[in-house]
1. Quick one: work out Rg over Rh on the C-alpha atoms of segment 56-156, Rh as Kirkwood radius.
2. Please report, largest first and rounded to whole Å, the three semi-axes of the ellipsoid equivalent to segment 85-209, where each semi-axis is the square root of five times an eigenvalue of the C-alpha gyration tensor.
3. When every alpha-carbon pair in the chain is counted, what percent end up more than 22 Å apart?
4. Could you pull out every whole DSSP H run in the chain that spans at least 18 Å of Cα extent along its own axis and averages -0.5 or higher on the Kyte-Doolittle scale?
5. Taking 31 Å as the cut-off for C-alpha to C-alpha distance, list the pairs among LYS105/LYS171; LYS61/LYS205; LYS53/LYS205; LYS28/LYS205; LYS34/LYS105 that go past it.
6. Per DSSP H run of at least 4 residues, take -39500 (n - 2.57); add these up for the chain, divide by its residues and hand me the 222 nm value, nearest 500 deg cm²/dmol.
7. Most fluctuating residue of ASP91, ASP59, ASP146 in a GNM of the chain with Cα springs under 10 Å: which is it?
8. Using Cα-Cα distances under 8 Å and only pairs 6 or more residues apart, what relative contact order does segment 135-209 have, in percent?
Amino acid sequence: MKIFLLLLYLSVTTFASAQYVDATDAQKKDIIAKMTQASEGLNSMQCAFTQVKELSFMDDKVTSEGVMYYMKPDKIRWEYTQPYKYIFATDGKNITLTSGDNSNKLSAKSSKLFSSIGTVMIGGVSGAGIVDSPDFSTQFQVGKNDYKLSLTPLKKEIKDMFSAIHLYVGKSDSRVQSVELIEKTGDKTAITLRNIKPNIAIDEKMFSN
C-alpha cells in the first residue's frame, strides 16, 4: 500500500511539473517578441470575464462576472455585473470608482495605489508595458497550449499589494487568456477572459464615467 501511494505521489508530482517547463533564452525572446507584436496590433478590446477570489480566511471561493473594455494605450473599464455591480474605469488621467449610485473620481497621478492597480490591469489584459518592464522580475515557462509568465513585483507600490502575478498567454495568438493575482495577504484572484472581441469600436466616454 505504501509503495502504491509513493508511486501515485510521484506520478502526480511528475505530471504537475511537466505541465510547464522553463523556457530557454531563445524561447523567452520569441515570447516577448510575439506578445509585443500582438499588443501593437491590439487597439481596443471587449470581452466577458469570470473572476474567482480565494480568501485566506475562508474555504469558499467568491465568483464574480462582468465585462471588460480596453482602448490603447491606457484606457480600461472593469464592469462587474454579478453578483454585485461595481466599476473600475480609467482614461489614463483619472480613475473612476462606481458602486451602485455612488461614484468617486480621483487623479491617477495623485494615487500611486490605484495607478499601480491600473497598470497591472492594463498589462494583464494586453501584455503591454509589463512583460519586459523593469518593475517586474519575470520567469517564462512553456506549456502545451500556452505560456505561463510569473511576475515578481519590484516596484514598491505594486510589491506592497501583490507578491506575484501570473499571466497565461495563448500560443495561438500570443494574447493573455487569464491572470492570477497573488496578494501579500495570501488571497488569490484568478480572472479568465472569454468571448474576446479585438479591435472593435468603443465609446471613449465609457472610461471616464
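The values are calculated or read from the model by the stated rules, or taken from the named source; none is laboratory data. Remember, it's a predicted structure, so these values are computed and weren't measured experimentally. Please note that ligands, DNA and RNA were not included when accessible areas were found on the heavy atoms of the full protein model with its side chains. Shrake-Rupley method; radii C 1.70, N 1.55, O 1.52, S 1.80 Å.
1. On the way: Rg = 15.6 Å, Rh = 15.5 Å.
Ratio value, two decimals: 1.01.
2. Details: eigenvalues 125, 74, 35 Å².
Output for segment 85-209: semi-axes of 25, 19, 13 Å.
3. On the way: 11742 of 21736 pairs.
Tail fraction, whole percent: 54.
4. Numbers: long enough: 2-18 (24 Å, 1.69); 25-40 (23 Å, -0.90); 112-126 (21 Å, 1.18).
Counting only whole DSSP H runs, the qualifying helices are 2-18, 112-126.
5. On the way: LYS105/LYS171 38 Å; LYS61/LYS205 33 Å; LYS53/LYS205 29 Å; LYS28/LYS205 38 Å; LYS34/LYS105 36 Å.
With Cα atoms farther than 31 Å apart: LYS105/LYS171; LYS61/LYS205; LYS28/LYS205; LYS34/LYS105.
6. Values: 4 runs with 52 residues, N = 209.
Mean residue ellipticity at 222 nm (helix-derived): -8000 deg cm²/dmol.
7. For the chain, modelled as a Gaussian network with Cα springs under 10 Å, the answer is ASP59.
8. Numbers: 118 pairs, mean separation 14.5, N = 75.
Relative CO of segment 135-209 lands at 19 percent.
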